[in-house]
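Novice: Once you've had a glance at the structure underneath, I'll fire off some questions.
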Amino acid sequence: MKLSSTLGKTISDFCENKFTNPADNHCAHYVCHVLEVTSGYTCKAHTGGRARRPA
């Protein structure tokens with residue numbers, strides 16, 4: 001995925017796990033979705049959510 005294709009999008013466009021509060025800092029969260037990182041403590045584990053949405 002090219003980073004330019006993510007301009008103007010919010011974390012809600014990437015995360016189906018409902019970890020999308022705009023008051024939270026989603027920098028690392030965004031990077032994990034864009035790079036498709038699935039190891040470590042994920043938003044899915046954090047929220048008990050669904051599988052990650054493909055980028």
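The values are calculated or read from the model by the stated rules, or taken from the named source; none is laboratory data. Everything numeric here is computed off the predicted structure, so don't read it as measured data. Every residue, glycine among them, receives a Cβ derived from its backbone with ideal geometry; neighbour counts consider all protein chains shown.
Novice: Only residues in region 13-40 that are at negative phi and among the charged types (D, E, K, R) count as the first member; pair them with residues that are surrounded by 10 or more Cβ atoms within 10 Å (Cβ to Cβ) and part of a loop (DSSP other than H, G, I, E, B), Cβ under 8 angstrom, at least 6 apart or cross-chain, and list the lot.
Specialist: Glu16/Gly49; Glu16/Arg50; Glu16/Arg52; Glu16/Arg53
Novice: Right, here's the next one. If I ask for residues that are modelled with pLDDT of 90 or more and part of a loop (DSSP other than H, G, I, E, B), which ones from region 17-36 would you list?
Specialist: Of everything in region 17-36, those that are modelled with pLDDT of 90 or more and part of a loop (DSSP other than H, G, I, E, B) turn out to be Asn17, Lys18, Phe19, Thr20, Asn21, Pro22, Ala23, Asp24, Asn25, His26.
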